[in-house]
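The values are calculated or read from the model by the stated rules, or taken from the named source; none is laboratory data. The shown structure was predicted, so the numbers you read here are calculated from the model rather than taken from an experiment. Neighbour counts are summed over all protein chains in view; Cβ atoms, including those assigned to glycine, are modelled from backbone coordinates with ideal geometry. Quick note on the areas: whole protein, heavy atoms, side chains included, nothing else; ligands and nucleic acids left out. Shrake-Rupley method; radii C 1.70, N 1.55, O 1.52, S 1.80 Å.
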Number of protein chains: 2
Amino acid sequence: MRAKAVFYHAGCPVCQSAEQSVVAALDRSRYDVEVVHLGTDKARLPEARRLGVQSVPALVLGTQVFHVNFGAALGDLG
Amino acid sequence: MRAKAVFYHAGCPVCQSAEQSVVAALDRSRYDVEVVHLGTDKARLPEARRLGVQSVPALVLGTQVFHVNFGAALGDLG
């Protein structure tokens, strides 16, 4: 069974760079990667906050949050 | 041929977390991952600076630098 990975972003250039490099480099045979656009999918904002996401882009592996560079604060997304 | 990935760290808890999760999740069939401890291998500091690493932990994929959370500023390492 693959572990869950969730990449939260907002379509920003920094987000796109992280998605195209870091997320693209993940081992898909071991990780089931979901990409969530918090700018358009605002219903997922509470979940992201609960997990500890403070800014995007952020990669959540299991329960651990990794903020990858800085694109936008979560508070600016809604 | 595998692409090069370099993970710069300084042994800090934030660094260890990133190494055990993000670096461990990389696809080793596509990436040749090198782990550099800048706290003990200070000779690599100029190279890290040149690449644009400002803090550790940082993951460099090709020429792109991704600062993963914040452990320590490069300036504090020497």
key: Tally of residues being open to solvent by 60 Å² or more (accessible area, probe 1.4 Å) and touching a residue at least 12 places away in the same chain (Cβ under 8 Å) across the range B:33-59   = 6
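On the given criteria, is B:Val65 closer than 24 Å to A:Gln16 by Cα and free of Cβ contacts under 8 Å to residues at least 40 places away in the same chain?
yes
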task = Would you please name the residue that is farthest from the other protein chains (Cβ to nearest Cβ), looking only at residues in the range B:23-78 that are of a type in the set (Lys, Arg) and out of contact with any strand residue (DSSP E or B) (no Cβ under 7 Å at 6 or more places or on another chain)?
result = B:Lys42
ask   = Which numbered condition trips up A:Gln16, out of (1) over 17 Å from B:Phe66 (Cα atoms); (2) more than 11 Å from every other protein chain (Cβ to nearest Cβ)?
value = (1)
message = Given the condition more than 21 Å from A:Tyr31 (Cβ to Cβ) and hydroxyl-bearing (Ser, Thr, Tyr), answer yes or no: does some residue in the range B:26-47 qualify?
response = yes
inquiry  = Need the failing condition index for A:Arg30 against (1) out of contact with any helix residue (DSSP H, G or I) (no Cβ under 8 Å at 6 or more places or on another chain); (2) open to solvent by 20 Å² or more (accessible area, probe 1.4 Å); (3) under 22 Å from B:Leu61 (Cβ atoms); (4) of a type outside the set (A, V, I, L, M, F, W, C), just the number.
reply    = (1)
